[in-house]
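First comes the structure, then the notes that go with it.
What follows draws every value from the coordinates through simple rules; no lab data is involved. Computed from a prediction, not measured in an experiment: that's the story for all the values here. Virtual Cβ from ideal backbone geometry, glycine too; neighbours counted across all protein chains shown.
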């Protein structure tokens, strides 16, 4: 990832935030619409949670040597 | 009779029977004609069209058309064609014929108007698809194919038992919505269908077999078995509440395993479980919007999942391995495959402008509109996992990560690129023009995917998931492992099962046999000479033993007469 890629993604993120606080300011169909940048937080937290939960399960329960079933 | 031969499923199965009579050179081209013929029939038969017949006294509706069967019919026929293009270089007759029977089975199930027809096509699918696993001809695929077959015989048996029970209690064979009652017939049918839909914990056949099937076979497999089961669920079990939670659980289970697994085709296989979870959840919600969402998602899913399997199949074809440990750094060697794969990856992740966006959002929103926000959040969580595992982890560790990879890369046949191109085009086309899909959905659509809210939602989630992936990607680094699943219970239990049910039973029969033989030996020794028992004068010391046998008999007879006389007289 070059610097320019990060800048593009950052700009895109700022644009979505802009829309969220202007066009969608009064939008209210779920309880979480009241939390600012909910979907961004959700994405990041869930991503980390999935990685760590999967890692935990893999390490402690399910991972075995590749020839386990032979 | 002519009508019977124009049933889409029958067209493909007839094609499979004709293929062996054609020379090898024109077989791949002939293969493509049959899905096109089926597609023509699918498009031209109007709502309400039916083909009937009778078998052993039952009136069968072998084909019945409505909007729900049509949309599944369209996508099954298209996929059979695209997968046929992908397999164009493959000359093996067994795989070609079985792939056609398999696709024909799925189309047959889709149009079956009665349960007997349905179960026949259902079993045809199970048997023919097993061939596509065995055709890989490795030790792993032999075992996986057998487990797959046993699992599906069990599932088909449960479905058939349910159907017979249903027939006995209601007297009806029609394929129609069943009321949400947990009667024995309904539960048997539901479990039978759930085996094919890979509902957890009945999903292990899928993750076990699909990665071990042939390169071209797994493209067919990714489309037909689970999605025809989804069709039957939409048709027969809409609104069954239990499906909401099983569906949401499947969606999460699949992505967790997709993050754990280190084989690119295994990741995709687990991802089918996850994606079918979205559909099953939608079916459980059961509103018109949710059923539309499940159907649309099945349609989109078949397109992008076959594209993904084609992309990973191309990697396996070119490098000879699907283990991430050996991959990485392939971008310079396989840039087009990467591009085409990414179209599928962006689609499955529901990124705007691709077809996953127009169907996944519909399913998730349907959960929200039905007031089930928990299910909605679970599905959103699963879509984070989808983007993370199929959209980021898999391509990153296959095409990037290392700067160089000296693994030898074989040239791909052109037909593989064409097939992937067609699928990629379809993914983008439906993403750009959602209404071309929406008009075919079973219910009227009141849903607009491209709203600012949806775009903000999806872009925020995707961007921050990407950031999370970038920071944590080392945690998902490839290693050579096997991830256990609930199939452990029957794979590791196999020796114990064999001990109890085969070895011990054998030993028992051995013991019984020995006992019987011993008794027989003893009896034959004792009764070798019947005269020894029948003739009282056999003792050597007795003078009468010297008499001739004839005299023996006369004397015995006289004695017997005296005996009888005495008994009669004194008693």
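Comparing chain A with the 2.2 N^0.38 Å rule of thumb, its C-alpha radius of gyration ratio is 1.74 (two decimals). Would you give the gap between the C-alpha center of the stretch B:330-365 and the C-alpha center of the stretch B:68-116, rounded to a whole Å? For the stretch B:330-365 versus the stretch B:68-116, the Cα centre distance is 24 Å.
Calculated on C-alpha atoms, the gyration radius of the stretch B:241-478 divided by its Kirkwood radius gives an Rg/Rh of 0.98. For the stretch B:403-491, the fraction of C-alpha pairs farther apart than 17 angstrom is 77 percent. Take each residue of peptide B:450-460, count the partner chain Cβ atoms within 10 Å of its Cβ, and average: the result is 6.
Taking only the alpha-carbon positions of the stretch B:456-506 and ignoring solvent, what does the Debye formula give for the base-10 log of I(q)/I(0) at q = 0.14, 0.21, 0.25, 0.27 Å⁻¹? Debye curve over Cα of the stretch B:456-506, log10 I(q)/I(0) at q = 0.14, 0.21, 0.25, 0.27 Å⁻¹: -0.63, -0.83, -0.90, -0.95. A Cα-only calculation for the protein assembly as shown places Rg and Dmax at 32.6, 130 Å. Using C-alpha pairs under 8 Å with a sequence gap of at least 6, the mean separation divided by the residue count of chain B gives a relative contact order of 12 percent.
The average projected area of chain B, computed from the convex hull of its Cα atoms over all directions, is 41.6 nm². Residues of the stretch B:32-49 falling in the label zone of residue B:67, defined by backbone nitrogen less than 20 Å from a point 7 Å along Cα to beta-carbon, are B:42-49.
How far is helix B:184-196 tilted, in degrees, relative to the longest principal axis of the Cα atoms in chain B, given as a value from 0 to 90 rounded to the nearest 10? For helix B:184-196, the angle is close to 60 degrees. What does the C-alpha gyration tensor say about the overall shape of the stretch B:21-177? Classify as rounded when a/c is under 1.5, otherwise prolate if a/b is larger than b/c, or oblate. Oblate, since a/c reaches 1.5 and b/c is not below a/b.
Enclosing the Cα atoms of the stretch B:237-311 in their convex hull gives a volume equal to 66 cubic angstrom per residue. For chain B, the longest principal axis of the C-alpha atoms and the axis of helix B:241-260 are separated by about 80°. Tell me whether the stretch B:75-138 comes out rounded, prolate or oblate; compute the Cα gyration tensor, take square roots of the eigenvalues as a ≥ b ≥ c, and use a/c under 1.5 as the rounded threshold. Verdict is oblate for the stretch B:75-138. Helical content alone sets the calculated 222 nm signal of chain A at -19000 deg cm²/dmol, taking -39,500 (n - 2.57) per DSSP H segment of four or more residues and averaging over every residue.
Per residue of B:381-389, other chain Cβ atoms within 10 Å of the residue Cβ number 4 on average. The fewest-to-most ranking of A:69, B:304 by surrounding Cβ atoms within 10 Å reads A:69, B:304.
Estimated purely from DSSP H runs of n ≥ 4, each contributing -39500 (n - 2.57), the mean residue ellipticity at 222 nm for chain B is -22500 deg cm²/dmol once divided by its residues. For chain B, the longest principal axis of the alpha carbon atoms and the long axis of helix B:335-348 meet at an angle near 80°. Put in line by how crowded their Cβ is, counting other Cβ atoms within 10 Å and starting with the fewest, B:551, B:289 read B:551, B:289. Taking the fewest neighbouring Cβ atoms within 10 Å as the starting point, the ordered list for B:301, A:30, B:454 is A:30, B:454, B:301.
Look at the stretch B:220-231: the mean tally of other chain Cβ atoms within 10 Å of its residues' Cβ atoms is 0.
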